[in-house]
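See below for the structure under consideration.
Rule-based calculations on the coordinates, nothing more; no lab input. What you see is a predicted model; the values in this text were computed from it and never measured. In this analysis, Cβ positions are derived from the backbone assuming ideal geometry, glycine residues included, and neighbour counts consider all displayed protein chains.
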Amino acid sequence: MPAVPYVPRARLMSAQQLRLLYCSNINNLTLGLATMHKQSIRRVIFYSLLSVFASVTLAQEAEKPVEVDRSIAITFDDATKGDGPFFTGAERTQRLIDSLSRAGVSEALFFVTTRNVERQGESGHKRIVAYTDAGHMLGNHSHSHLWLNRTPTAEYIADLDLAIDRLQPYANLTSLYRFPFLDEGRSPEKRNALRRALSARSLSNGYVTIDTYDWYIDRLAKEAVDADIEIDREDLRDLYVDVIVSSTEFYDEMAQKVLNRSPRHVLLLHENDMSALFIGDLVTELRERGFQIIPANDAYEDPIAGLEPDTLFLGQGRIAALAHESGLPPSELVSPTEDEGYLRRRFESEVSEIPQ
Ligand SMILES: [Zn+2]
């Protein structure tokens with residue numbers, strides 16, 4: 001499947017622009033009438049009225065609500081991460097809470113890596129409480145962020161159990177488990193053992209439908225900041241929003257081909273500085289594209305939540321897994337934005353050079 005590049009949409013004129021256009025038509029008409037012959041006046045009146053009519057029609061178009069036919073839940077992995085290129089962990093948490101609130105996102109889902117919280121002591125604990133006090137939900141992202149492929153099954157499950165224990169005291173806890181590195185098992189034995197383990201603990205797979213490399217943009221920003229490079233935040237914002245929206249469109253188009261519909265999406269982001277800086281801009285762009293932001297619990301009521309794709313191609317999220325199960329090759333199932341070289345090239349040309 002061809003890549004779906006993100007092309008900024010031509011914006012409809014704002015109501016203010018339309019009012020200006022309307023007013024300038026009236027003013028031009030009044031000014032012009034004083035100096036023209038009768039025939040010219042008739043022509044000017046005709047075209048001006050036509051233009052006013054067109055402006056009013058456009059205004060009515062522009063004021064129509066965007067048709068909401070797609071939906072997406074926002075999830076942040078690895079909470080609570082340590083200090084980043086722009087914020088301390090505590091500052092980031094406050095900024096994320098404020099930005100989500102301003103954007104009207106009342107319920108996001110934070111997948112907690114409980115060892116991160118533990119390492120940060122009281123500060124980590126307070127950050128988790130701040131998220132839940134603000135109305136956001138929590139999911140299990142393991143204790144130590146182990147990679148299933150590199151960990152014996154029993155050890156992996158023991159780590160997952162430790163996270164269940166550590167999360168017990170917190171409010172707003174879901175029964176969702178998100179696999180670190182989205183690795184759900186690369187052999188039928190491991191995959192099935194983990195499916196059984198989750199089921200035995202009444203946990204569900206907190207799958208994603210839209211995989212992103214937001215973590216790599218955060219890493220590039222850190223490299224630049226560490227090298228004392230000035231970063232234009234607007235350039236960084238444009239790159240970030242563009243990349244995440246491209247991934248979203250890529251997997252939505254894949255879903256429409258495989259499912260013949262747009263499912264309730266689950267977006268993978270991380271609790272990092274990029275999210276804290278730009279989540280509001282991202283939400284605005286998603287809404288302009290007709291996405292309604294929904295709670296994760298609603299997203300996981302989509303029928304695809306009840307499926308267990310019979311494939312080992314699981315690391316790209318559920319839509320890609322279903323597409324693979326239906327016969328599409330892996331080469332067509334990864335968004336071009338999920339590539340470190342691609343992102344570095346774009347960062348260097350659109351944001352700033354990073355000295356090697
Ligand atoms: Zn993670």
| query | For the stretch 103-147, max minus min Cα coordinate along each principal axis, in Å, sorted largest first? | reply | 33, 25, 13
| note | Of all GluC sites (Glu not before Pro) in the stretch 258-331, the ones in DSSP coil with at most 13 other Cβ atoms within 10 Å are E301
| task | Over all alpha-carbon pairs in the stretch 70-350, figure out the percentage whose distance exceeds 24 Å. | result | 48 percent
| Over all Cα pairs of the stretch 222-275, how is the pair count split among 5 Å bins, expressed in % and running from 0 up to the last occupied bin? | 4, 15, 19, 19, 14, 10, 8, 5, 3, 1
| request: Scale the Cα Rg of the stretch 266-356 by the rule-of-thumb value 2.2 N^0.38 Å and send over the ratio, two decimals. | output: 1.36
| field | L176 long-range amide H proximity, modeled H, under 5 Å | value | N140, S204
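In a shell of Cβ-Cβ distance under 11 Å around A323, excluding A323 itself, what net charge do Lys and Arg (+1) and Asp and Glu (-1) give?
Within the 11 Å Cβ shell, the charges total -1.
Restricting attention to the stretch 297-355, which trypsin sites (Lys or Arg not before Pro) occupy a DSSP loop and are surrounded by at most 12 other Cβ atoms within 10 Å?
none
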| Amide H contacts under 5 Å for F110, placed H, 5+ residues apart | F76, M137, L138, G139
| In order through the stretch 289-295: 3J(HN,Hα) via Karplus (6.51 cos²θ - 1.76 cosθ + 1.60), integer Hz, x for Gly, Pro | 8, x, 8, 8, 7, 10, x
| the stretch 164-320: projected area of the alpha-carbon convex hull, averaged over directions, in nm² | 11.1 nm²
